[in-house]
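The values are calculated or read from the model by the stated rules, or taken from the named source; none is laboratory data. Fair warning: this is a prediction, and the values are worked out from it, not measured in the lab. Heads up, the Cβs are rebuilt from the backbone with ideal geometry, glycines too, and the neighbour counts pull from every protein chain shown.
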Amino acid sequence: MHNNPVLYQATFIRRYKRFFADVVNSNGELITVHCPNTGSMRNCQIENSPCWYSLSDNPKRKLVGTLEIVTTSHGRLAGINTLRANRITADALRCKKIDRFAPYDEVFSEVAYGKEKSRIDFLLKDSAKSLPDCYIEVKNVTLDVGDGIAEFPDSPTSRGVKHLRELITMSKAGYRAVLLFCVQLNDINCVKVAGYIDPEYQKMITLATQNGVEIIAWQAQFDGQGIYLNRAIEFSH
């Protein structure tokens, strides 16, 4: 596994200007760290709650810290780094953690595809060419609504709708098309579509399932061994 950043505990104060977050570190100092999440972070901005951040040794960065994990309004831990979702999914694919993708022996990332100038998160190929190419789009899920349920999206997402259109096109062309919800929340048993937040996304999810797009959800685990995909959970739309 390659997702073991050293995490430093702090206290979350606020997020602002989209990419900035103020936290109080273990020395009681107020510091500003990068917030790597473009969504609303609904239910994930709880003042004075525990959070964790990582540090970078890149001298070109203005903010050396990156916010990684926060506490939700329901008391769960949420991994809000959207880049981390792709990294742990890449690990799972290369380690053949997800059974349905295990027969594929080639994994490519950020491959241009589709009719709308998109890039797929992962393209799986079978070198023996006995399987159709498999296109996988990953979405990071952090919206904790309680009772072991997570929802996506946490804000309207025209980009997410576009990705579903592209997946439908690939499925119709005879390829495997997959939407994988990476749920960076602990103690979650089910993922649902937040149609009350984005009705158009819910319509496209229904259309995607009707056109052969596979939709799956996996929960991420946070522990001393790092951050990694742990188990499949239910998806319901």
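Quick look at the numbers
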read-out: The lone exception for ASN86 - which of (1) farther than 27 Å from PHE19 by Cβ; (2) of a type in the set (S, T, N, Q); (3) part of a helix (DSSP H, G or I) it fails; value: (1)
read-out: Residue in the stretch 11-34 that is among the aromatic types (Phe, Trp, Tyr), in contact with a Gly (Cβ under 8 Å, 6 or more places away or on another chain) and either surrounded by fewer than 18 Cβ atoms within 10 Å (Cβ to Cβ) or within 23 Å of ASP223 (Cα to Cα) (or both) present; value: no
read-out: Test: residue in the stretch 180-193 that is without any contact (Cβ under 8 Å) to a residue 60 or more places away in the chain, of a type in the set (Lys, Arg) and either in the same structural domain as CYS51 (by TED's automatic domain parsing) or touching a strand residue (DSSP E or B) at 6+ places or on another chain (Cβ under 8 Å) (or both); value: yes
read-out: Residue within the stretch 117-129 that is at pLDDT 95 or above, touching a Lys or Arg at 6+ places or on another chain (Cβ under 9 Å), assigned to a loop (DSSP other than H, G, I, E, B) and surrounded by fewer than 17 Cβ atoms within 10 Å (Cβ to Cβ) present; value: no
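Condition check ((1) at pLDDT 95 or above; (2) of a type in the set (A, V, I, L, M)) across all residues:
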residue	(1), (2)
VAL191	yes, yes
ALA194	yes, yes
TYR201	yes, no
LEU207	yes, yes
ALA217	yes, yes
PHE222	no, no
GLY226	no, no
GLU234	yes, no
HIS237	no, no
